[in-house]
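Below is one structure, written out as structure tokens; comments come after it.
The values are calculated or read from the model by the stated rules, or taken from the named source; none is laboratory data. Model, not experiment: these values are computed from the prediction. We work out accessible area using only protein heavy atoms, side chains counted, and drop any ligands, DNA or RNA first. Shrake-Rupley method; radii C 1.70, N 1.55, O 1.52, S 1.80 Å.
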Amino acid sequence: MIKRILLFFVVICVTFIASYFFHFSVLENKDLQLSFSLQRVYFFYAISAVLIYLIVTVISEKTPNQAGYGYLALMFVKIGFFLILFKSTVFSEIPIDKPEKISLVIPFLLFLSLETIFIAKLLNNK
């Protein structure tokens, strides 16, 4: 169990570092300014991915049949926290332009795919 968690943590950290700096350099090269902190978005998704994986791992150890439902509930909680933390960006009266929309979606999809892959492997082993 500890080995899986450490592997997931390392993958998330490497993905965070590589994707954040690549994404930041692309925005910098095109002289695009975002109305939100890209670093905060990446931190939010990285930390939430690790927390969700930890919680689903604990749930799968205690009640393996309920782990999928736990993951689904945690995804709703994650989206809710994101909307609360970034409400000034998401719900602002000024429309979000295309680069900002893409900059919000890329980290979401990246970390969601990693979460899903690792949790699917975890649940298939149970």
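So if each residue of separation counts as 0.36 nm, and I subtract the Cα-Cα distance between Phe21 and Gln66, what length gain in nm does that give?
On the way: separation 45, 0.36 × 45 = 16.20 nm, distance 3.71 nm.
Computed gain between Phe21 and Gln66 is 12.5 nm.
With axes computed from alpha carbons, what is the tilt in degrees of helix 98-125 against the longest principal axis of the chain, rounded to the nearest 10 within 0 to 90?
Helix 98-125 sits roughly 10 degrees off the main axis of the chain.
What is the angle, in °, between the Cα long axis of helix 67-85 and the longest principal axis of the Cα atoms in the chain? Nearest 10 is fine, range 0 to 90.
Tilt relative to the chain: about 20 degrees.
Can you pull the percent of the chain's accessible area that's carbon plus sulfur, 1.4 Å probe, other chains left in place? Kindly include the intermediate steps, with their values, before the conclusion.
Values: 5680 of 8040 Å².
For the chain, the apolar C and S fraction of the accessible surface comes to 71 percent.
Could you run the Karplus curve 6.51 cos²θ - 1.76 cosθ + 1.60 with θ = phi - 60° over the stretch 29-36 and give me ³J(HN,Hα) per residue in whole Hz, x for Gly and Pro?
Karplus values, whole Hz, x for Gly and Pro: 5, 8, 6, 9, 10, 9, 7, 9.
Sort Ile84, Ile52 by heavy-atom solvent-accessible area, probe 1.4 angstrom, most to least.
Values: Ile84 110, Ile52 10 Å².
Sorted descending by solvent-accessible area, the residues read Ile84, Ile52.
So, taking all protein chains as they sit and a 1.4 Å probe, how much accessible area belongs to Phe16, in Å² rounded to tens?
The accessible area of Phe16 comes to roughly 30 Å².
Given [x] 30, 17, 10; [y] 19, 18, 15; [z] 27, 20, 10 as candidate values of semi-axes √(5λ) of the Cα gyration tensor in Å, which corresponds to the one derived from the coordinates?
From the options [x] 30, 17, 10; [y] 19, 18, 15; [z] 27, 20, 10, the structure gives [x].
Quick one: compute the contact order of the chain, relative version, from alpha carbon pairs under 8 angstrom and 6+ residues apart, as a percent.
Numbers: 63 pairs, mean separation 43.0, N = 126.
The value is 34 percent.
Pull up the cross-link candidates among the aspartates and glutamates for Lys121, meaning alpha carbon to alpha carbon under 19 Å and not fewer than 8 places away within one chain.
Output for Lys121: Glu61.
Tell me, what is the percent relative contact order of the stretch 52-126, built from C-alpha pairs under 8 Å that lie six or more residues apart? Could you put the intermediate results ahead of the total?
Values: 25 pairs, mean separation 31.2, N = 75.
This gives 42 percent for the stretch 52-126.
Return one number: the angle in degrees, 0 to 90 and rounded to the nearest 10, between the long axis of the Cα atoms of helix 38-62 and the longest principal axis of the Cα atoms of the chain.
10
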